[in-house]
Structures are given as C-alpha cells and as structure tokens.
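Below is one structure, written out as structure tokens; comments come after it.
Read-outs: derived from the displayed coordinates by stated rules, not from any lab. In this text, all values refer to a predicted model and were calculated from it rather than measured experimentally. Quick reminder, even Gly has a Cβ in these numbers, built from the backbone with ideal geometry, and neighbours come from all protein chains shown.
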Amino acid sequence: MTDAGVRGPQPRRGTIHRMDNVAIVVDDLAAAVAFFVELGLELEGEATVEGSAVDRLVGLAGVRSDIAMMRTPDGHGRVELTRYQTPPSREGDPRAPTNTLGAHRIMFAVDDMDDILDRLRPHGAELIGELVQYENSYPLCYLRGPAGIAIALAEQTS
C-alpha cells in the first residue's frame, strides 16, 4: 500500500485549464468598448445572442443581449461586455464601496499609469482613492469604469 501524499497529487479529470473571461453588464455598450479600447484591450468580436439555449443558460426568459468580447494585448485574458435588450438590466449600486460583497474589481498591469489615466478620464474614469506607491514597489490605483465597475491598475516597474 502506498501513501498518495508521498507520490504527489494524483491527476484529476475535471480540472480548470484557464480563466476564460469576466463578464460585465453595461448600459452603453459602445461607450464601454471605447473605454476598454483606450485602456489597451482589443475588440475581438461582437454579437447578439438570444434563444432558448441562452434563456436556459442564464436563467432568464426572453433574453436578447448584445455582447462585445475584449482581449488583453497578451491574448490570455478577456472581458465580455454585455448590454441586455431584454429583459431590461437591473440597477445596482454603481458607487458601491470596495468592501461590498461580491465581485470586487478587475486588475490590469500597465506600463505608464499617468498616460493611461489621462486617456481614460475623458471616458468617465474617476479615481476611487489615490494613486499610491504600494510598499515601495509599484504605483497602484483603483478607478471607476463603465457601469461603475472598479478597475485596478498596477504599473510594472521592472
């Protein structure tokens, strides 16, 4: 008899390969796309989705939504922007504090924080707190993006 802990972990059949995307519901799809393009993401594609499979998947009846898939420059991360035509989107608190339960924020590594902030402000971006030098290592900030989502930016310094 052998001890599984001595041999190391056994392969599992149902494992995660990668995180594919994060979905964000917005009320103005074009403005959200423009914001994320300005941030540096690329528009991968747009589509309208509807039908019984979509209804069953998301647990709502009569779904018709427009989506835009945004891809990070490295090709590994994606943000799905969704605008519901039907049923209408439910209002959340777009100014919820960062300690609110649920999804907290999306973080992006950037190479020039000041340039990114200057480009995003005309698209409605507002700092949540301050731009700080985190533990003497790298600049970091939180800002509000489309639909009030919190976005963190970390400037790579090495």
Quiz item: What number, rounded to the nearest 500 deg cm²/dmol, is the helix-based mean residue ellipticity at 222 nm of the chain, given -39500 (n - 2.57) per DSSP H run of at least four residues and division by all its residues?
Solution: -5000 deg cm²/dmol
Practice problem: Report the calculated FRET efficiency for E126 and S52 (r = Cβ-Cβ distance, R0 = 35 Å), to the nearest 0.05. | Solution: 0.30
Quiz item: What percent do you get for the relative contact order of segment 1-104 when only Cα pairs under 8 Å and 6+ apart count?
Solution: 28 percent
Quiz item: From the square roots a ≥ b ≥ c of the eigenvalues of the alpha-carbon gyration tensor of segment 22-155, which class results: rounded (a/c under 1.5), prolate (a/b over b/c), or oblate?
Solution: prolate
Self-check item: Rounded to 5, percent antiparallel among DSSP beta bridges of the chain
Solution: 75 percent
Quiz item: Which order do peptides 20-29, 75-84, 92-101 fall in by mean Cβ count within 10 Å, highest first?
Solution: 75-84, 20-29, 92-101
Quiz item: Distance in nm between label sites at D118 and E42, each 7 Å beyond Cα in the beta-carbon direction?
Solution: 2.5 nm
Exercise. Determine, for each peptide in 34-42, 130-138, the mean count of other beta carbons within 10 angstrom over its residues, then list the peptides with the highest first.
Key: 34-42, 130-138
Quiz item: Separation between the A154 and V22 pseudo-spin-labels, each 7 Å from Cα along Cα→Cβ, expressed in nm?
Solution: 1.2 nm
